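Peer 1: Before we start, here is the structure in question, set down as structure tokens.
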Amino acid sequence: MPQQDDDIEIFFETDKARAHSRTENTYQMAVSAAGGAYFSVGDGTSVPKPKVVYTYKYAAGVEGTLNDNSDRDRGYTIEVAIPWQELGQSG
């Protein structure tokens, strides 16, 4: 799970409802510095439901060495292509 490492997470609510829980119109995309990824959709509960999305494209680059305390890391870069159609939006 990317959320257990250094990662970025992007959340979308496509119906602009400002819901207090994750609905079927809420999506989460996460990518870790190590290159792991996760895509989920809400289902009304507090835990999002993973969704396999073959058009979810991402890349991760690290300036340094992950999990190595003998060097100094300078950061990481994450690039994500948002699969609009998977979010129910026209691309």
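The values are calculated or read from the model by the stated rules, or taken from the named source; none is laboratory data. Computed from a predicted structure; not experimentally measured. Cβ placement follows ideal geometry from the backbone for every residue including glycine, while neighbour counts extend to all protein chains displayed. Just so you know, the surface numbers come from the protein's heavy atoms only, side chains and all, with ligands and any DNA or RNA stripped out. Shrake-Rupley method; radii C 1.70, N 1.55, O 1.52, S 1.80 Å.
Peer 1: Tell me, Kirkwood radius of region 36-91 from alpha-carbon pair distances, in Å? Spell out each step's value before the answer.
Peer 2: Working: mean 1/r = 0.0717 Å⁻¹.
Averaging 1/r across every pair of different Cα atoms and inverting gives 14.0 Å.
Peer 1: Residue separation times 0.36 nm, minus the C-alpha to C-alpha distance between Arg74 and Lys51: what's the value?
Peer 2: Details: separation 23, 0.36 × 23 = 8.28 nm, distance 3.24 nm.
Contour length minus the Cα-Cα distance gives 5.0 nm.
Peer 1: Okay, next question. Enumerate by residue number the trypsin sites (Lys or Arg not before Pro) in region 1-71 meeting two conditions: DSSP loop (anything except H, G, I, E, B), and at most 16 other Cβ atoms within 10 Å of the site's Cβ.
Peer 2: Numbers: sites: Lys16, Arg18, Arg22, Lys51, Lys57; in loops: Lys16, Arg18, Arg22, Lys51.
Listed in order of number, the matching sites are Lys16, Arg18, Lys51.
Peer 1: Mind checking region 3-91 for chymotrypsin sites (Phe, Trp or Tyr not before Pro) that DSSP puts in a loop (not H, G, I, E or B) and that have at most 12 other Cβ atoms within 10 Å? Walk me through the intermediate numbers first.
Peer 2: Values: sites: Phe11, Phe12, Tyr27, Tyr38, Phe39, Tyr54, Tyr56, Tyr58, Tyr76, Trp84; in loops: Tyr54, Tyr56.
The qualifying sites are Tyr54.
Peer 1: In the chain, carbon and sulfur make up what percent of the accessible area (probe 1.4 Å)?
Peer 2: On the way: 2930 of 6320 Å².
It is 46 percent, rounded to a whole number.
Peer 1: Next up: Write down the accessible area per residue of the chain in Å², having rolled a 1.4 Å probe over the full set of protein chains.
Peer 2: Result: 69 Å² per residue.
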